[in-house]
Amino acid sequence: MLKFLLWCMLLVLCWPLAVVALVVYPIVWLILLPFRIVGIAVSGVFELLSAVISLPARLVRRLA
């Protein structure tokens, strides 16, 4: 909602810049999408590694 209000203010102040922003925003979003996917994958790998490393400690705690 905040982005929309800021865009409306930009539309009132300088409408050509607001139109350019409206066109460029989806293109930038598409360019940054692979980096988000890589970030999700790296986060998943780190969580898997931490789970594998902490598994023996969990098993010992459960048995003791």
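A few remarks follow.
- Separation in nanometres of the label points that stand 7 Å from Cα toward Cβ, at Leu11 and Val52: 5.1 nm
- In order along the stretch 43-55, phi translates into HN-Hα couplings of 4, x, 5, 5, 5, 5, 4, 5, 5, 5, 6, 8, 4 Hz, rounded to whole numbers, per the Karplus curve 6.51 cos²θ - 1.76 cosθ + 1.60 with θ = phi - 60° and x for Gly and Pro.
- For Tyr25 and Leu2, the difference between the fully extended length at 0.36 nm per residue and the C-alpha to C-alpha distance is 6.8 nm.
- Structure-based [θ]222 nm, the chain - -39500 (n - 2.57) summed over DSSP H runs of at least 4, per residue, nearest 500: -34500 deg cm²/dmol
- Overall Cα dimensions of the chain - principal axes, largest extent first, Å: 68, 22, 9
Rule-based calculations on the coordinates, nothing more; no lab input. A quick note: this is a predicted structure, and the numbers were derived from the prediction, not measured. Heads up, the Cβs are rebuilt from the backbone with ideal geometry, glycines too, and the neighbour counts pull from every protein chain shown.
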